Amino acid sequence: MPYRLSNSILPLIALLAASPLAAQEANPSAAPQAKLPAIVVTEAVKRPLTDRIVATGTIRPVDEIQVQPLVEGLSVKQLNVDVGDEVKADQVLATLNDDALILQKSQYQANKAKAEASVAQYEAQVIEAEANQDDMVRRRDRTEKLSENGTSTVSQLEQANAQVQVARARLNAARQSVTVAQSDVRVIEAQLADVELQLARTGVKSPVDGVVSVKNAKVGAIASGNGDPLFTVIRDGAIELVADISETDIQKAKIGQKAVVAIAGGAKEVEGRVRLVSPTVDPTTRLGLVHVEIDADSGARAGMYGRASIIVEETEALALPLSAVTVGRQGATTRKVQDGVVKQAEIVTGFQDGGFIQVVSGIEAGDVVVAKAGAFVRDGDHITPVPEDKAATDKATENSQ
């Protein structure tokens with residue numbers, strides 16, 4: 001008896017025959033392909049790069065001059081300047097009381113007049129002694145002639161010779177008195193010169209052009225060179241940023257390099273120049289000092305905090321975003337994309353400028369790399385590259401919706 005399918009099974013068979021699964025089994029080539037992951041990529045291009053050293057520190061005067069009194073023990077009589085005033089070299093900043101010096105000068109002048117009178121008196125004695133000696137010599141000579149003729153005795157001749165020697169001794173003593181008196185005059189003249197110098201120094205002067213930064217002088221106070229300086233003057237008003245930099249960066253810092261300095265609280269940046277690079281590095285902190293001179297008209301003040309970007313080099317070079325580079329023990333690598341296939345490439349990097357890093361070798365301009373090195377792709381993976389600019393545009397569109 002022939003086998004017959006029931007009427008209820010026939011519609012089920014027809015439905016299975018018409019399903020996609022049955023069609024796929026009947027025609028395997030009609031199966032859809034797997035969708036590749038879309039990965040953002042970027043292009044390696046040449047761009048302007050600047051190698052910078054970033055350093056922070058404090059604004060200080062380039063050179064501070066401490067003004068001390070040159071005369072001890074005198075009180076301050078008058079002050080002529082205040083903090084912040086601009087001064088010139090040899091300008092009188094303060095005046096000391098000179099009453100005691102004036103009195104001392106008068107005493108020395110009187111002593112000088114007395115000494116000069118003594119000199120004149122002794123010179124007169126010299127003239128008298130010379131005349132007396134000449135008279136004694138003539139008398140001796142006459143006595144010698146008389147002695148030769150037999151009209152004078154030997155005793156008289158000896159007496160005449162003794163009188164000559166006495167006259168000669170008196171003349172020498174008178175001349176020595178003149179020398180001593182002249183020495184006294186010179187001593188008093190030196191004392192007078194010293195007093196006059198001290199009187200000239202009662203005007204406390206600035207040795208340089210500059211700006212007064214500190215004033216310790218007070219009217220009535222005794223000025224002393226052993227205490228605090230009466231004034232502190234910033235030479236020419238010059239100021240600088242003294243900043244700490246690492247032992248690696250200090251090797252790149254050179255005198256004369258340009259710098260851009262941002263002052264705390266300032267609305268604008270000011271230009272500067274490296275004036276000095278410390279020849280030593282602190283063995284504990286491994287930091288060295290760099291001095292960046294800035295314009296005194298910048299509005300900066302000593303004691304302010306500042307940040308400097310020292311320009312080491314400006315160039316145009318091949319660069320990649322920092323996010324496209326991975327740095328490990330073996331060096332730096334990036335994921336190069338060619339024909340939709342990821343290939344890891346070893347690169348040699350240079351300096352960093354903001355969000356970009358210089359690429360010295362390993363890739364060429366125009367090469368496409370994965371924009372984010374942390375993306376989940378491996379060497380040999382197939383991807384759908386999405387240019388970075390297009391990805392940014394799509395994201396902006398989504399955010400606006």
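The values are calculated or read from the model by the stated rules, or taken from the named source; none is laboratory data. The model shown is predicted, which means the values in this text are computed figures rather than measured ones. As a convention, Cβ positions derive from the backbone with ideal geometry for all residues, glycine included, and neighbour counts pool all protein chains shown. Side chains included, ligands, DNA and RNA excluded: accessible areas come from the protein's heavy atoms. Shrake-Rupley method; radii C 1.70, N 1.55, O 1.52, S 1.80 Å.
Here the stretch 154-172 and the stretch 314-389 have alpha carbon centers that stand 120 Å from each other.
Within a straight-line Cα-Cα reach of under 23 Å, K35 can be paired with the following lysines, leaving aside sequence neighbours fewer than 8 residues apart in one chain: K336, K343, K372, K390, K395. A probe of 1.4 angstrom, applied to the heavy atoms of all protein chains, finds K105 with accessible area near 50 square angstrom. Remark: the T285-E64 segment gains 76.8 nm on full extension, using 0.36 nm per residue and subtracting the alpha carbon distance. The antiparallel fraction among DSSP beta bridges confined to the chain stands at about 95%.
Ranking S183, A223, Q198 by how far each Cα lies toward the positive end of the dipole of the chain (charges on Cβ) leaves A223 at the top.
Annotation: per residue accessible area for the chain equals 63 Å², rounded to a whole number [probe 1.4 Å, protein chains only]. Take the alpha carbon gyration tensor of the stretch 120-230, find the square roots of its eigenvalues, order them as a ≥ b ≥ c, and report rounded if a/c is under 1.5; if not, report prolate when a/b exceeds b/c, else oblate. Prolate is the answer for the stretch 120-230, as a/c is 1.5 or above and a/b outweighs b/c.
Per-residue ellipticity at 222 nm from helix content only, as computed over the chain with -39500 (n - 2.57) for each DSSP H run of at least four residues, stands at -11000 deg cm²/dmol. With a 1.4 Å probe rolled over the protein heavy atoms of all chains, the accessible area of H291, H382 falls in the order H382, H291, largest first. Helix 99-149 and the longest principal axis of the Cα set of the chain meet at an angle near 40°. Taking Cα atoms only, the orientation of helix 388-400 departs from the longest principal axis of the chain by about 80 degrees. Only lysines eight or more places from K258 in sequence, or on another chain, were considered; those with a Cα closer than 22 Å are K268.
Considering only protein heavy atoms and a probe of 1.4 Å, how much of the accessible area of the stretch 269-390 is carbon and sulfur, as a whole percent? Present the calculation step by step, with values, prior to reporting the outcome.
On the way: 3530 of 7330 Å².
Carbon with sulfur: 48 percent of the solvent-accessible area.
Not counting the cut sites, what is the longest span of the chain without chymotrypsin sites (Phe, Trp or Tyr not before Pro) that DSSP labels loop and that have at most 13 other Cβ atoms within 10 Å? The reported range is 4-375. Placing +1 on the Cβ of every Lys and Arg and -1 on the Cβ of every Asp and Glu, with nothing else charged, gives the stretch 106-174 a dipole about its Cα centre of roughly 140 debye. Its Cα centre serving as origin, the chain has a Cβ charge dipole (Lys and Arg +1, Asp and Glu -1) of approximately 700 debye.
Surface composition of the stretch 128-171: carbon and sulfur make up 44 percent of the accessible area, probe 1.4 Å. For a straight C-alpha distance cut-off of 23 angstrom, the lysines reachable from K205 (same-chain residues fewer than eight places away being disregarded) are K77, K88, K105, K215, K218. Find which of A267, G237, G328 sits farthest along the positive direction of the dipole of the stretch 230-381, computed with +1 on the beta-carbon of Lys and Arg, -1 on that of Asp and Glu, about the Cα centre. Towards the positive end, the residue furthest out is G328. Once semi-axes √(5λ) of the Cα gyration tensor in Å is calculated for the structure shown, the corresponding label among [x] 32, 23, 21; [y] 111, 26, 14; [z] 35, 22, 19 turns out to be [y]. Using heavy atoms of the protein chains and a probe of 1.4 Å, the accessible area assigned to D339 is about 150 Å². Counting only protein heavy atoms and using a 1.4 Å probe, the accessible area of E271 comes to about 150 Å².
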